[in-house]
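A short write-up of the structure that comes next.
Every number in this text was worked out from the coordinates using simple rules, so none of it is lab data. Since this is a predicted model, take the numbers as computed values, not measurements. A quick note on method: Cβ atoms are made from the backbone with ideal geometry, for glycine too, and the neighbour counts reach across all protein chains shown.
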Amino acid sequence: MGTKIPAAQTRLFKNIFVCKACGQKLRTDSIRVIAKKVKCRRCGQKDFRPIKAKKK
């Protein structure tokens, strides 16, 4: 079961970021996150990290 479907990987991990303060997930463009033009809907902070793939 080690086969990874590219369409599923793109849907699950591309352009999804997590707020470093509260953990809220947000789908946006990475350039906007780097430029700090996006703020968290829940807490208003502008620090995000990319979502991590869960390991088995």
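Odds and ends about this structure:
- Checking the Cα-Cα distances for Lys25/Lys46; Lys4/Lys37; Lys4/Lys39; Lys25/Lys54 against a 21 Å cut-off, the pairs over it are Lys4/Lys37; Lys4/Lys39.
- Rounded to the nearest 20 debye, dipole of the chain from Cβ charges on Lys, Arg, Asp, Glu: 120
- Simple rule: put +1 on each Lys or Arg Cβ and -1 on each Asp or Glu Cβ in the chain, find the dipole, and look at Ala7, Ile31, Gly44; the Cα lying farthest toward the positive end is Gly44.
- Around Asp47: net Lys/Arg minus Asp/Glu count, Cβ-Cβ under 9 Å: +4
- Electrostatic bookkeeping for Val18 treats Lys and Arg as +1 and Asp and Glu as -1; over the other residues with beta carbon under 9 Å from its beta carbon, the sum is +4.
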